[in-house]
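Student: Please see the structure below; I have some questions.
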Amino acid sequence: MAATSSDERRHGDAVTPQMFGDRPGETLPAGFDRIEKTAQGSFSEIWKVRESSTGYFFALKCLLGDWNDDVAATQLLRNEAWIGQSVDSRHVVRVEQSGAGCEGPWNLLEWLDGETLERRLRGNRRLSVGEAVWIARQCAQGLCDLAEAGFSHGDVKPANVFLTGDGNVKVIDLGFARSLQEPHITENTQYLTGTAAYMAPETLTRGNVNPLTRDMYSLGIMLFRMLSGRLPFETANSDSVLRLHRSARPPQLESRCRAAPSELIRLVEQLLAKQPIRRPQSYQTLLRTLLRLELATLPLRFAA
């Protein structure tokens, strides 16, 4: 059983800068100058570019040369462009232009200064209760805005959450996002889109899947990791992790994060429920709980 992610490292994560000159010119939109490469994933890379007329910076996401003719990779760029231009949210990355139909496909996104949540959590780092709730609330708001525009994200995880330097949190990488109008039916469990460590158990069975409660489960895994410094299920391979998601109870969070208030413990347990019906049934409900917790834990936000 394979689980895939649309990209592994995003702009803002540390990489060795590479100056313009090794990519075909047709992958660069007219009126932009390439500055440096800031990230590379399995099939795409991110460049920092500057608009010549304004001096503003943007992020250019383009396919690596070997993937330019790959139908699936190109479709992910098209998908990201469609959704990123359809959703107007402070907490969802904005796609400014798209050349997904060009010979060298690309998307032009807003430039974000900061780092991914994955980078902040490196080395099994745990966050203060206040900071974890603050991040989770903004992430939930982005997912809510996506849902209100008619979409689900499909790959919620720390690598797809960006923490900007001005304190904003944005959901990024919309390649796996889908319209809520499409039927979400799992027919082939041999190939799953998403990331195994954050994948809801119902995606492993054939049948109808609620994409919103699936994303909530992934958010619960992310919140558990922020608070405890570890994933609830850690094994050597994806197949074993997926089986644990389906059948095993997660470790008790209170034993790993004694500072977490009881309401936050209950919320994480609810998000990680095996049965989707036991999770919050709307983002409005989830946001009310997170906002209440954010106010209650505000003094702990900057705690060590």
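The values are calculated or read from the model by the stated rules, or taken from the named source; none is laboratory data. The structure presented is a predicted model; accordingly, all values stated were derived computationally and were not measured. Note that we place each Cβ from the backbone using ideal geometry, even for glycine, and neighbour counts take in every protein chain shown.
Student: Filter region 196-211 down to the residues that are hydrophobic (A, V, I, L, M, F, W, C) and within 9 Å of Pro276 (Cβ to Cβ), then identify the one that is modelled with the highest pLDDT. Reasoning before the result, please.
Tutor: Filtering region 196-211 for residues hydrophobic (A, V, I, L, M, F, W, C) gives 196-197, 199-200, 204, 209.
In the following step, the residues that additionally are within 9 Å of Pro276 (Cβ to Cβ) were identified as 200, 209.
Working: Ala200: 94, Val209: 82.
Residue satisfying both the conditions and the ranking: Ala200.
Student: Taking the condition of being outside any helix (DSSP H, G or I) and in contact with a Pro (Cβ under 9 Å, 6 or more places away or on another chain), how many residues in region 286-304 meet it? First the steps, then the outcome.
Tutor: In the first step, residues of region 286-304 are kept if they are outside any helix (DSSP H, G or I); the result is 297, 301-304.
Then drop every residue that is not in contact with a Pro (Cβ under 9 Å, 6 or more places away or on another chain), which leaves 297.
The number of residues fulfilling the criteria is 1.
Student: Surrounded by fewer than 18 Cβ atoms within 10 Å (Cβ to Cβ), free of Cβ contacts under 8 Å to residues at least 40 places away in the same chain and part of a loop (DSSP other than H, G, I, E, B), is that true of Gly167? Let's see the steps before the verdict.
Tutor: Details: surrounded by fewer than 18 Cβ atoms within 10 Å (Cβ to Cβ): yes; free of Cβ contacts under 8 Å to residues at least 40 places away in the same chain: yes; part of a loop (DSSP other than H, G, I, E, B): yes.
For Gly167, the condition - surrounded by fewer than 18 Cβ atoms within 10 Å (Cβ to Cβ), free of Cβ contacts under 8 Å to residues at least 40 places away in the same chain and part of a loop (DSSP other than H, G, I, E, B) - is met.
Student: Here is a further query. Look through region 170-195, keep the residues that are out of contact with any strand residue (DSSP E or B) (no Cβ under 7 Å at 6 or more places or on another chain) and at pLDDT 90 or above, and return whichever of them is surrounded by the fewest Cβ atoms within 10 Å (Cβ to Cβ). Step through it out loud before you land on a result.
Tutor: Here is the first cut: in region 170-195, the ones out of contact with any strand residue (DSSP E or B) (no Cβ under 7 Å at 6 or more places or on another chain) are 173-175, 181-183, 187-190.
Narrowing further to those that are at pLDDT 90 or above: 173-175.
Working: Asp173: 29, Leu174: 30, Gly175: 27.
Per the criteria, the residue is Gly175.
Student: Condition first: more than 24 Å from Asp155 (Cα to Cα), at pLDDT 95 or above, part of a loop (DSSP other than H, G, I, E, B) and not aliphatic (A, V, I, L, M). Can you find one or more residues in region 56-67 that meet it?
Tutor: Yes, some residue in region 56-67 is more than 24 Å from Asp155 (Cα to Cα), at pLDDT 95 or above, part of a loop (DSSP other than H, G, I, E, B) and not aliphatic (A, V, I, L, M).
Student: Within region 81-131, can you find the residues that are among the polar types (S, T, N, Q) and either in a strand (DSSP E or B) or over 21 Å from Leu290 (Cα atoms) (or both)? Break it down into steps so the answer makes sense when it comes.
Tutor: Restricting attention to region 81-131, the residues satisfying the condition of being among the polar types (S, T, N, Q) are 85-86, 89, 97-98, 107, 116, 124, 128.
Once the filter is applied, which keeps residues that are among the polar types (S, T, N, Q) and either in a strand (DSSP E or B) or over 21 Å from Leu290 (Cα atoms) (or both), region 81-131 yields Gln85, Ser86, Gln97, Ser98, Asn107, Thr116, Asn124.
Student: Scanning region 267-285 for residues that are among the basic types (Lys, Arg) and not in a helix (DSSP H, G or I), which turns out surrounded by the most Cβ atoms within 10 Å (Cβ to Cβ)? First the steps, then the outcome.
Tutor: Here is the first cut: in region 267-285, the ones among the basic types (Lys, Arg) are 274, 278-279.
After this cut, where a residue has to be not in a helix (DSSP H, G or I) as well, the list is 274, 279.
Values: Lys274: 16, Arg279: 23.
The qualifying residue surrounded by the most Cβ atoms within 10 Å (Cβ to Cβ) is Arg279.
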